[in-house]
Amino acid sequence: MEPVSYREGFLDGWVETPAGPVPRVVATLRARDILGRWKVRWGIGRGRYRIAPRLYAAGNPVPESPVLVTANYKMTWDALRKELGGVDAWILVLDTDGVNVWCAAGKGAFGTDEVVRRVTESRLADVVTHRRLILPQLGAPGVSAHRVRKGCGFGVTYGPVYARDIKRFLADGMKAAPEMRRVAFPLAERLSLTPMEIVGLLKPVGLALPVLFLLAGIGPGVFSLSGAWQRGTAALAILAAGILGGAVATPLLLPWIPWKAFSIKGAFIGALLAASGAALYRDAVGPLQTLAILSALPAVSSFVAMNFTGATPFTSPSGVEKEMRRAIPVQAALAASAIVFWITGALAG
Amino acid sequence: MNGFRYLEGVATVRLAEASCTGCGMCAKVCPHGVFSVPDGKARIIDRDACMECGACAMNCPGNAITVSPGVGCATSILNGWLSGSKPSCAC
């Protein structure tokens, strides 16, 4: 029997089965689970935030109890188990390399082969008398229900998209109401995804900084350190504003900004920020610098907003590629002209 | 998903009605209501809502559905262009 660490804090005992003892899950989250979720939202320890893939028990399951299948990302696991208070069920956790159901299904890690392998390894057929698995609906891109049946004899029923509907789904005789089959993308969820967008940009920004400050030093006196500092910090502020526009403001305002392309939404927010900034500092910046701000900020915001497509549950790869082919040349042209305006503005003093 | 419509006329999902067995799996697994199975045959009722996740094709026992599946993620597509291989995300 593989050891299960009680230090993980979500187990409180064992349930005896013909296939050996199965650890039992606690259905309540503790402060450390909330803190853990917050940390991975910021990308801290995200790759290690996983639990042991195996069979678990919720409540006091019997051989007739339903089998719920999920991923071994700890955040996914917590989202499921906190909905299982008062539910008697088996939970089969797949090895998805610590990735959530939706993304793992897209990669095939939450997939037909892994379902079959885990059903066989856990000796599920000895534990339950029925032959049915309940999979989260968003696992369907990686799993072929009819091939799972062929592979291990278990039929697949796709449950609701969200774990919060699982009790109702079970109570209704494994039927999902139409609204339980649709993804949503509410404000709170969009907000929770923005930290990762910013964290992901820290490295490229760090690499760009030396170049930015070097260019900032170019002035009437060939190269000036004070100019590098002044114009460099101003450029960094523009870059930061563009990132906040594309990675925070655009995602939050997503459904209310007109146009469908994310690059256009982001450019629009960037243009608003640029116009406000230029108006606010109109006494400090010359006409060429103003043009530089008006080109740079929308370009950055547009590019960053375009990358938010990956965090949404509704953009198609065909659509994103079409958008990118049109947007990237425009973003590059805006960025290039911003640099020209910026340097000529500095040379003009 | 009101307010969350993406580009129109690009989705690659296609349905060969002749091969459809009317099992209804496509309508069940689709998170965007692209399919309807009104009278024993599936129909595409909202192609532009499709995000090409591939769940329908994966779960169609009659192989009646084709779609070029993938993740609608700019970073992933950019990585694919830069490395000259398949799109790959870091998520």
(Q) Using the crude model of +1 on Lys and Arg Cβ and -1 on Asp and Glu Cβ, and no other charge, please compute the dipole size for chain A relative to its Cα centre, in debye to 20. (A) 240
(Q) Please report the spacing between the Cα centers of region B:52-91 and region A:30-44 in Å, no decimals. (A) 30
(Q) If you take every DSSP beta bridge fully contained in region A:1-127, what fraction is antiparallel? Give it as a percent rounded to 5. (A) 60
Q: Starting from the Cα gyration tensor of chain A, multiply each eigenvalue by 5, take the square root, and state the resulting semi-axes largest first in whole Å.
A: 52, 20, 16
Q.
Per residue, how big is the convex hull of region A:192-349 when only Cα atoms are used? Give it in Å³.
A. 107
**Q.** In Hz, Karplus ³J(HN,Hα) per residue of region A:73-84 (6.51, -1.76, 1.60; θ = phi - 60°; x = Gly, Pro)
**A.** 6, 4, 5, 5, 4, 5, 4, 6, 5, 6, 8, 9
Q: Using only Cα atoms, find the angle between the long axis of helix B:74-83 and the longest principal axis of chain B, and express it within 0 to 90 degrees, rounded to the nearest 10.
A: 60
Q: Quick one: which residues, 5 or more positions from A:Val15 or on another chain, have an amide H under 5 Å from its amide H? H modelled 1.01 Å from N in the peptide plane, none for Pro or chain starts.
A: A:Val22, A:Arg24
Q: Provide the net charge surrounding A:Leu253, with neighbours chosen by a C-beta distance below 10 Å and charges set as Lys +1, Arg +1, Asp -1, Glu -1.
A: +2
Q. How big is the charge dipole of region A:6-181 about its Cα centre, in debye rounded to the nearest 20, if each Lys and Arg gets +1 on its Cβ and each Asp and Glu gets -1 on its Cβ?
A. 500
Q: Restricting things to alpha carbons, find the Rg to Rh ratio for region A:73-144 using the Kirkwood radius for Rh.
A: 0.95
Q.
Which of the three applies to region A:36-114, rounded, prolate or oblate, going by the alpha-carbon gyration tensor with a ≥ b ≥ c and a/c under 1.5 meaning rounded?
A. oblate
Q. Which pairs, out of A:Lys107/A:Lys150; A:Lys107/B:Lys28; A:Lys39/A:Lys265; A:Lys265/A:Lys322; A:Lys74/A:Lys150, put more than 25 Å between their alpha-carbon atoms?
A. A:Lys39/A:Lys265; A:Lys74/A:Lys150
Q: Whole Å is fine, so just give me how far the alpha carbon centre of region A:212-228 lies from that of region A:98-175.
A: 60
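Read the figures in this text as sums done on the coordinates, not as results from a lab. Small disclaimer: the values here were computed from a predicted structure and weren't measured. Because the Cβ atoms are built from the backbone with ideal geometry, glycine has one as well, and the counts that use them run over all protein chains shown.
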